[in-house]
Amino acid sequence: MRQYLCNKAGLRDKKYFMRDDRKKEHRPLSRTDCKAKLRVCLDPKIVVSFEEGHNHILYGSNFVQLIRTYRGLTFADNAQVDSLHAQGVRTCHIMGFMLDQTGGHMGLNFNRKDLFNHIERSKRSKIKDGDVVAALSYLQGKADNDPLFFSRYMISCEGQLKHLFWADGTSRSDFQCFGDVLAFDSTYKKNKYNKPLVIFSGKNYHAQTVIFGCAIISDESIEAYRWVLESFLNAMSNKQPKVVVTDGDGAMRETIKQVFPKATHRLCSWQK
């Protein structure tokens, strides 16, 4: 027995409206509890029941390809998109090119979000273990789609990636609004290379944690911290925090005095 339902069947579970940890606005409701359905017995092939009535306006035949079930890039679309992206064409320009090629949205079986998702998945699949070039290319791809994306890195004399810092446009904007108090530490060493991961964070007006930027450094030396703090300042248009909260590392404290001379330094509560 197989049952075919309308794409607007059922309703969203009420528990999703009551989550305390929700950070984003609810998506618009699209389901209307439509009862239309077709039940078929496969062996032998017999229609068991058919509910014809829909409780909503039906899509026109020229919009069918935009319904999620039918939407997606074809094999030919994938090949063309990958080829254009490999030549350095930005994602927004790829979308414009394909719209011109097909005569508009009605000629495409995907939308802008589908295209961005495909390119994002393609980038991730190409990043292999230890492939620094692919990682840097991934960040460059993020910059192509985010004009305010900032990244900076240092290569050692041996050609190895020594330090890496990045912050997206949202993080940079958040720091301009909520950057009076800056918290960061490098206690996280759970990546496969056992390198310190530095996370810069703060609080917004709703007491929610916001991330201002991230960095991977080769060690916890004054030289490394100085590089990452100067990179952070560069990304944030040289705006300095008024208060800096850290985990109390000695090299970190010394570097803060040099790079943020006017900032008040405080230790995390678990270090007191």
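Some notes on this structure:
- Subset tally (residues that are in a loop (DSSP other than H, G, I, E, B) and either loosely packed, with under 13 Cβ neighbours inside 10 Å or touching a Pro at 6+ places or on another chain (Cβ under 6 Å) (or both)) for region 42-58: 7
- Consider region 59-73 and keep the residues that are of a type in the set (S, T, N, Q) and outside any loop (DSSP other than H, G, I, E, B). The one that is farthest from Leu115 (Cα to Cα) is Ser61.
- Identity of the residue in region 237-251, farther than 24 Å from Asp168 by Cβ and of a type outside the set (Asp, Glu), that ends up modelled with the lowest pLDDT: Gly248
- Any chance Arg39 is farther than 30 Å from Thr209 by Cα, part of a loop (DSSP other than H, G, I, E, B) and either at pLDDT 80 or above or assigned by TED's automatic domain parsing to the domain that holds Arg2 (or both): no
- Of all residues in region 211-267 being charged (D, E, K, R) and in contact with a His (Cβ under 9 Å, 6 or more places away or on another chain), the one that is surrounded by the fewest Cβ atoms within 10 Å (Cβ to Cβ): Lys257
- First in region 37-51 and in contact (Cβ under 8 Å) with a residue 24 or more places away in the chain and closer than 17 Å to Lys8 by Cβ, second anywhere and small (Gly, Ala, Ser) and not in a strand (DSSP E or B), Cβ under 9 Å, 6 or more apart: Lys37/Ala9
Residues are listed down the side, and each one gets a yes or a no for (1) touching a residue at least 24 places away in the same chain (Cβ under 8 Å); (2) touching a helix residue (DSSP H, G or I) at 6+ places or on another chain (Cβ under 7 Å); (3) not assigned by TED's automatic domain parsing to the domain that holds Tyr4:
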{"site": "Leu66", "(1), (2), (3)": "yes, no, yes"}
{"site": "Ala86", "(1), (2), (3)": "no, no, yes"}
{"site": "Thr91", "(1), (2), (3)": "yes, yes, yes"}
{"site": "His105", "(1), (2), (3)": "yes, yes, yes"}
{"site": "Leu108", "(1), (2), (3)": "yes, yes, yes"}
{"site": "Ser122", "(1), (2), (3)": "yes, yes, yes"}
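The values are calculated or read from the model by the stated rules, or taken from the named source; none is laboratory data. Just so we're clear, the structure is a prediction, and the values are computed from it rather than from any experiment. For neighbour counting, all protein chains shown are included, and Cβ atoms are generated from backbone atoms with ideal geometry for every residue, glycine included.
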